[in-house]
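To keep things clear, I will list the structure first and then write my remarks on it.
The values are calculated or read from the model by the stated rules, or taken from the named source; none is laboratory data. Note that the structure is a prediction, hence the values are computed from the model and not measured. Note that each Cβ is placed from the backbone with ideal geometry, even for glycine, and that neighbours are counted across all protein chains shown. Just the protein is used for accessible areas: all its heavy atoms, side chains included, with ligands, DNA and RNA removed. Shrake-Rupley method; radii C 1.70, N 1.55, O 1.52, S 1.80 Å.
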Amino acid sequence: MLYIVPTPIGNLEDITLRALRILKEVTVVLAEDTRTSRRLLDHYGITTHLRAFHAHNEHNVVERVVDELASGVDMALISDAGTPGISDPGFLLARACVAKGVRIECLPGATAFVPALVASGLPCDTFHFDGFLPHKKGRQTRLRFLAELPYTFVLYESPFRLVKCLDELIAVCGPERRACVARELSKLHEEITTTTLEALKLHYTQKDVKGEIVLVVAGKPD
Ligand code: SAM
């Protein structure tokens with residue numbers, strides 16, 4: 001069995017009792033960064049063996065991991081924060097497990113885009129999640145595609161590129177499109193601001209942008 005286990009995106013209380021039990025019970029925890037995850041597991045008094053599984057080795061190790069799972073070794077996959085597979089390694093392993101008939105359980109739990117979307121006050125009955133935009137090639141095509149969507153879309157963005165991204169969104173969506181910056185969710189300095197793209201740009205141009213950010217943008221109006 002492979003368990004895909006969400007871990008907190010800031011507040012260490014945001015982990016389920018079941019997640020903690022599974023992290024204790026499995027033979028191996030596959031982790032994006034074993035040092036980060038060791039600190040997390042230490043915090044909960046979990047001593048399970050950690051093994052590296054990240055973007056740089058997943059292609060090479062995925063088949064071996066699936067063979068071990070198929071032979072009866074239970075494992076859990078975690079990332080540095082949130083749900084594995086959501087802008088984090090996880091898809092390749094899940095796909096390989098499905099192909100080999102290895103059972104997967106993904107526990108419900110922390111992820112950054114859901115609280116951002118719901119707290120933004122923008123329509124969340126239908127939405128599109130796009131994760132990180134490409135930095136160079138394909139970025140403009142992606143932005144033009146997003147601007148035409150008739151429903152809310154959600155992006156992950158680094159604080160260093162936030163103002164540039166808002167500028168690019170204004171160019172394709174117009175300055176009056178409503179949007180939300182959700183910063184440092186579940187942490188001490190959580191800040192959720194919903195207004196127009198223009199006002200967000202003005203706000204974040206005036207100060208140093210720090211922390212982790214989810215950007216939620218309303219769909220194209222009728
Ligand atoms: N797997 C994670 C998830 O389920 O949300 C996402 C991992 S991705 C590598 C990291 C990005 O998620 C950050 O750059 C930021 O855009 C977003 N993020 C993670 N934690 C956040 C938080 N506490 N507040 C706002 N955004 C966050």
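Among the residues of this structure, E105 counts as one that is away from the ligand (no atom under 16 Å from the Cβ) and either open to solvent by less than 70 Å² (accessible area, probe 1.4 Å) or touching a Phe, Trp or Tyr at 6+ places or on another chain (Cβ under 6 Å) (or both).
Residue count for the range 30-58 satisfying the condition of being under 16 Å from A94 (Cβ atoms) and either open to solvent by 40 Å² or more (accessible area, probe 1.4 Å) or in contact with a His (Cβ under 7 Å, 6 or more places away or on another chain) (or both): 3.
May I ask you to verify whether A179 is small (G, A, S), open to solvent by less than 70 Å² (accessible area, probe 1.4 Å) and within 16 Å of the ligand (Cβ to nearest atom)? Criteria met by A179. Beta carbons closer than 9 Å, at least 6 apart along the sequence or on distinct chains, pair a first residue in the range 189-211 that is touching a residue at least 60 places away in the same chain (Cβ under 8 Å) with a second that is open to solvent by 80 Å² or more (accessible area, probe 1.4 Å) and part of a strand (DSSP E or B) for T194/R178.
Checked against the criterion of being on the phi > 0 side of the Ramachandran plot and in the same structural domain as G90 (by TED's automatic domain parsing), the range 26-38 contains not a single residue that satisfies it. Residue by residue through the range 163-191, note down the ones that are closer than 18 Å to F129 by Cα and in a strand (DSSP E or B). Passing the criteria: R178, A179, C180, V181, A182, R183. Being more than 27 Å from P8 (Cβ to Cβ), of a type in the set (S, T, Y) and at pLDDT 95 or above is not true of Y156. Of everything listed in (1) outside the structural domain of G10 (by TED's automatic domain parsing); (2) within 10 Å of the ligand (Cβ to nearest atom), the single unmet condition for S87 is (1). Restricted to strands (runs of 3 or more DSSP E) entirely inside the range 90-159, those with at least 1 residues that are closer than 16 Å to P6 by Cβ, under 19 Å from the mean Cα position of the chain (by Cα) and of a type in the set (S, T, Y) are 152-157.
Candidates C173, C165: the one that is open to solvent by less than 70 Å² (accessible area, probe 1.4 Å), more than 30 Å from R21 (Cα to Cα), within 16 Å of the ligand (Cβ to nearest atom) and not assigned by TED's automatic domain parsing to the domain that holds A70 is C165.
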